[in-house]
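K.L.:
My structure is below; once you've seen it, I'll send some questions.
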There are 2 protein chains.
Amino acid sequence: MSCIIKSCQVHSALGNPETREDDINWDTVINLDHGDPIMYEPYWRKIGNRCDITLSGYQSLSYFANTKNLCWFLEPKLEEEIKRLHNVIGNVVMDDHYIVVGNGSSQLIQAALFALSPPNEPEPISVVSAAPFYSGYAEVADFVRSGLYKWAGDAHIFAKNGPYIELITSPNNPNGVIREPVVVNGSQGILIYDLAYYWPQYTAITSPANYDVMLFTVSKCTGHAGSRIGWALIRDKEVAKKMTKFIELNTIGVSKEAQLRAAKILEVICDSCLDSTLDNFFEHNQSVMSERWQRLRQVVKDSDQFFTLQKYSSQYCLFKGNFYESHPAFVWLMCKGNEDDLEKLLKGHNILTRSGKRFGSDSKCVRISMLSREEDFNIFLQRLMVIQQVITNKN
Amino acid sequence: MSCIIKSCQVHSALGNPETREDDINWDTVINLDHGDPIMYEPYWRKIGNRCDITLSGYQSLSYFANTKNLCWFLEPKLEEEIKRLHNVIGNVVMDDHYIVVGNGSSQLIQAALFALSPPNEPEPISVVSAAPFYSGYAEVADFVRSGLYKWAGDAHIFAKNGPYIELITSPNNPNGVIREPVVVNGSQGILIYDLAYYWPQYTAITSPANYDVMLFTVSKCTGHAGSRIGWALIRDKEVAKKMTKFIELNTIGVSKEAQLRAAKILEVICDSCLDSTLDNFFEHNQSVMSERWQRLRQVVKDSDQFFTLQKYSSQYCLFKGNFYESHPAFVWLMCKGNEDDLEKLLKGHNILTRSGKRFGSDSKCVRISMLSREEDFNIFLQRLMVIQQVITNKN
């Protein structure tokens, strides 16, 4: 890092009391490109052994978890805890939905595309999403060049006649806004709702979602990205069967260890919401997110409008019983002025982010993870202030 | 089940001492279609808590296991135990191979097809395997109608010019024989070795395998099919990178819980081979397999040649230090005479098997799992004898 940066005054009000200015290593690369949810680790450390799970050598040898279930590899305990969690939070209506478990929501997106694509068409069905859309969709849809489905880009400008699949991410990745389908000739749209971030730590639960195809993931709900557990809530039995078939052919099911641990984690989370002697998981982490967003907004406010952030209106949350703004898992940061490659600018200051171009948007925007370690978040804010000072000094 | 069967004399020498004839429920459907490895459960029960693993709530939150590794989601402990196991068994030369972990070997097959297919060809590359071939290959290659690769059937009759991918399963699923590539114009063949069954409980380890692409799975090595852990040993760095990319896009890695448990299981297995006070995993289960095969051969021998089995020559095993015949994980059972649908015949006696047609072969053959519960294996043998008696009485 340059001497200019080292010599800059760091705003003392924003420093973590545990991180003194002298401690900051300006050469450390802070990776905020991925949404790796390490932010949740302190909560889970605090929980102690309440969430421990022991697996014996003789457990779960079989491919099968429940031969009577449509999704024959779904552990009954996980099914029970998923239902209980949605019931406690009230973010979903799922009385008539089937649950299909997957190796994370990436696999479930592919399973849903497989299940919803017409099987015997000469041309693959178009898959769209409104820009800025999740950067993974295009690659996930196209990497094996499927003859069943094909990425067709921004839903706003999609003009082809005939059926298509629209991915609706709500709250949206990268920009955190609540979304609805956007395609104009929407009557022929088959809709997949990616609701990975529809949890109270990120956004107000304004009403229970009730769609035909809804996807969730443990990674963003509890922070256990390493487990690779997601679930789909599917209204139509044949679609649920086809998604199960996809996962059977792709990976012959989903790790029983990961499912059993995810079940335990969801159980502990539900308990924390219902037992007032415990530290409510969602309230605890909402408060972490809220504090991070306040600090970030303060830094950006001080930037003399060089940076701008997405705005969110205050909404009434049915779970919390009060009004609050969203505090998304990602910042969608935009810059003004002559800077036309914000990712590059930040990289020059050892902050890795993801360019807006990857999301079908502009290189004046980047997506930045808000789920990093506290230490990395503090360094990020400090460097952001430094960048602003450098730019102010230039102008 | 019919009265004819109930009234038949069951060969007492073959009955499990724990299963009296009166106890047999003739209506129970015995599912030997899948290779569900429940046979291993008694060994793991006997091991007791030596194989226990406890996971805490704060462990393995991250997507990443080792950012310095080409396969960034591979747990270092699993990598270490895989190397140790191959070293102890001597079934592989792997000094210059990269390890890529997958959600079972099905995913690794797809990852290998993805990595080995030419990326920019107008037509997908042909994927072949010698009949009888594993019934899953065709579906796994074709289910998303990839434009990169396409199933082209039996390698014996493949005559297209140009490059192709050959899957070599050795020992072979379904028939247990040791295999080499077969395609005549083999100079352009890209080879994937599926070595899921190259372990001492199934076959003699005659020499360490040393190929460019080799696939293994915990399911068939240790019996933990529910874990969905497989690994690929890859000589070429770019191929290993592309396989890692496939798994990143398909499932963003592999469950950390499953990897950590698999590492523990492999550790215990290695220990059991090196510490003479422990019950050697491979010797123990080789003895179970050997006894099952002896009992099966006796029943088939008594069948007046209505049934026949694949023959295996005796080979010197470098691991065991003696000669023995293979005792494969599946029986490849053939029938003579007028019966032209053996799967149907067995199904009529409540034994579910997989027809030879599914393996690119004949409906006079079926594949039958030898890895079932002891109780189910006993019932299978008893019913096989009954079928033989019914047929003998008919003729």
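K.L.:
Out of curiosity, is A:Glu343 without any contact (Cβ under 8 Å) to a residue 60 or more places away in the chain and either closer than 30 Å to A:Ala138 by Cα or among the charged types (D, E, K, R) (or both)? Give the derivation first.
P.N.:
Values: without any contact (Cβ under 8 Å) to a residue 60 or more places away in the chain: yes; either closer than 30 Å to A:Ala138 by Cα or among the charged types (D, E, K, R) (or both): yes.
Spelling it out, A:Glu343 is indeed without any contact (Cβ under 8 Å) to a residue 60 or more places away in the chain and either closer than 30 Å to A:Ala138 by Cα or among the charged types (D, E, K, R) (or both).
K.L.:
Just to be sure before I move on: is A:Gln382 part of a helix (DSSP H, G or I), crowded, with 16+ Cβ neighbours inside 10 Å and touching a Ser or Thr at 6+ places or on another chain (Cβ under 8 Å) in the structure I sent?
P.N.:
Judged against the criteria, A:Gln382 is not a match.
K.L.:
Follow-up question, since we're still on this one. So if I check each of A:Ile165, A:Ile157, which one is on the phi < 0 side of the Ramachandran plot and more than 23 Å from the chain's Cα centre (by Cα)?
P.N.:
A:Ile157
K.L.:
Being more than 12 Å from chain A (Cβ to nearest Cβ) and outside any loop (DSSP other than H, G, I, E, B) is the filter; apply it to segment B:222-237 and report the residue that is nearest to A:Leu260 (Cα to Cα).
P.N.:
Per the criteria, the residue is B:Trp231.
K.L.:
Can you spot a residue in segment A:149-162 that is of a type in the set (Gly, Ala, Ser) and over 16 Å from A:Phe359 (Cβ atoms)?
P.N.:
Yes, segment A:149-162 contains at least one residue that is of a type in the set (Gly, Ala, Ser) and over 16 Å from A:Phe359 (Cβ atoms).
K.L.:
So, one more: May I ask you to list the residues in segment A:51-76 that are facing chain B (nearest Cβ under 8 Å), surrounded by fewer than 17 Cβ atoms within 10 Å (Cβ to Cβ) and under 26 Å from the mean Cα position of the chain (by Cα)?
P.N.:
Correct list: A:Asp52 only.
K.L.:
Among the residues of segment A:134-166, count how many are more than 14 Å from chain B (Cβ to nearest Cβ), closer than 27 Å to A:Ile368 by Cβ and touching a helix residue (DSSP H, G or I) at 6+ places or on another chain (Cβ under 6 Å).
P.N.:
Of the residues in that region, 1 qualify.
K.L.:
What's the total number of residues in segment A:238-277 that are within 10 Å of chain B (Cβ to nearest Cβ), within 24 Å of the chain's Cα centre (by Cα) and over 28 Å from B:Ile53 (Cβ atoms)?
P.N.:
Adding up the residues that qualify gives 1.
K.L.:
Related question: Since B:Lys311 meets every condition but one in (1) of a type outside the set (S, T, N, Q); (2) surrounded by fewer than 18 Cβ atoms within 10 Å (Cβ to Cβ); (3) touching a residue at least 40 places away in the same chain (Cβ under 8 Å), which condition does it not meet?
P.N.:
Single failed check for B:Lys311: (3).
K.L.:
I would also like to ask the following. Just to verify a result, which residue in segment A:23-50, among those that are in a helix (DSSP H, G or I) and touching a Leu at 6+ places or on another chain (Cβ under 9 Å), is farthest from the other protein chains (Cβ to nearest Cβ)? Spell out how you get there, then give the answer.
P.N.:
As a first pass, look at segment A:23-50 and keep what is in a helix (DSSP H, G or I): A:23, A:38-50.
Pick out the ones that are also touching a Leu at 6+ places or on another chain (Cβ under 9 Å) and you get A:38-41, A:44, A:47, A:50.
Numbers: A:Ile38: 6, A:Met39: 9, A:Tyr40: 6, A:Glu41: 5, A:Trp44: 4, A:Ile47: 5, A:Arg50: 7 Å.
So the residue we want is A:Met39.
K.L.:
Can you pull out the residues in segment B:50-72 that are under 30 Å from A:Leu266 (Cα atoms) and in contact with a strand residue (DSSP E or B) (Cβ under 7 Å, 6 or more places away or on another chain)?
P.N.:
B:Asp52, B:Ile53, B:Thr54, B:Leu55, B:Cys71
K.L.:
Do you know which of the residues in segment A:147-177 that are touching a residue at least 60 places away in the same chain (Cβ under 8 Å) and surrounded by fewer than 21 Cβ atoms within 10 Å (Cβ to Cβ) is farthest from B:Phe143 (Cα to Cα)?
P.N.:
Quick first cut of segment A:147-177, residues touching a residue at least 60 places away in the same chain (Cβ under 8 Å) only: A:153-154, A:171, A:173-177.
With surrounded by fewer than 21 Cβ atoms within 10 Å (Cβ to Cβ) added as a condition, the list becomes A:153-154, A:177.
On the way: A:Gly153: 24, A:Asp154: 27, A:Val177: 35 Å.
This residue is A:Val177.
K.L.:
Between a residue in segment A:261-272 that is under 10 Å from A:Ile82 (Cα atoms) and any residue that is assigned to a helix (DSSP H, G or I) and small (Gly, Ala, Ser), which pairs come within a Cβ distance under 8 Å, given they are 6 or more apart or on different chains?
P.N.:
Sorted first by the residue in segment A:261-272, then by its partner, the pairs are A:Ala262/A:Ser227.
K.L.:
Still on this structure: Do you know which residues across segment B:205-228 are over 13 Å from B:Leu85 (Cβ atoms) and crowded, with 24+ Cβ neighbours inside 10 Å?
P.N.:
Of everything in segment B:205-228, those that are over 13 Å from B:Leu85 (Cβ atoms) and crowded, with 24+ Cβ neighbours inside 10 Å turn out to be B:Val213, B:Met214, B:Leu215, B:Ser219, B:Lys220, B:Gly223, B:His224, B:Ala225, B:Gly226, B:Ser227, B:Arg228.
K.L.:
Search segment A:342-358 for residues being assigned to a loop (DSSP other than H, G, I, E, B) and in contact with an Asp or Glu (Cβ under 9 Å, 6 or more places away or on another chain), and hand back the single one that is nearest to A:Gln389 (Cα to Cα).
P.N.:
Initially, segment A:342-358 is screened for residues assigned to a loop (DSSP other than H, G, I, E, B), giving A:348-350, A:353.
Narrowing further to those that are in contact with an Asp or Glu (Cβ under 9 Å, 6 or more places away or on another chain): A:350, A:353.
Numbers: A:Asn350: 16, A:Thr353: 20 Å.
Among them, the one singled out is A:Asn350.
K.L.:
Given the criterion in a loop (DSSP other than H, G, I, E, B) and either aliphatic (A, V, I, L, M) or more than 19 Å from the chain's Cα centre (by Cα) (or both), identify the matching residue among A:Ser326, A:Ser372, A:Ser303, A:Ser361.
P.N.:
Checking each option against the conditions leaves just A:Ser303.
K.L.:
Considering only segment B:295-306, I want to know if a residue exists there that is out of contact with any Ser or Thr (no Cβ under 9 Å at 6 or more places or on another chain) and either within 14 Å of another protein chain (Cβ to nearest Cβ) or within 30 Å of B:Gly57 (Cβ to Cβ) (or both).
P.N.:
No, segment B:295-306 contains no residue that is out of contact with any Ser or Thr (no Cβ under 9 Å at 6 or more places or on another chain) and either within 14 Å of another protein chain (Cβ to nearest Cβ) or within 30 Å of B:Gly57 (Cβ to Cβ) (or both).
K.L.:
Is it the case, given these coordinates, that A:Glu339 is acidic (Asp, Glu) and either in a helix (DSSP H, G or I) or at pLDDT 95 or above (or both)?
P.N.:
When the stated conditions are applied, A:Glu339 does not pass them.
The values are calculated or read from the model by the stated rules, or taken from the named source; none is laboratory data. The structure displayed is predicted, hence computed values, not measured ones. Reconstructed Cβ throughout: ideal geometry from the backbone, glycine too, with neighbour counts over all protein chains shown.
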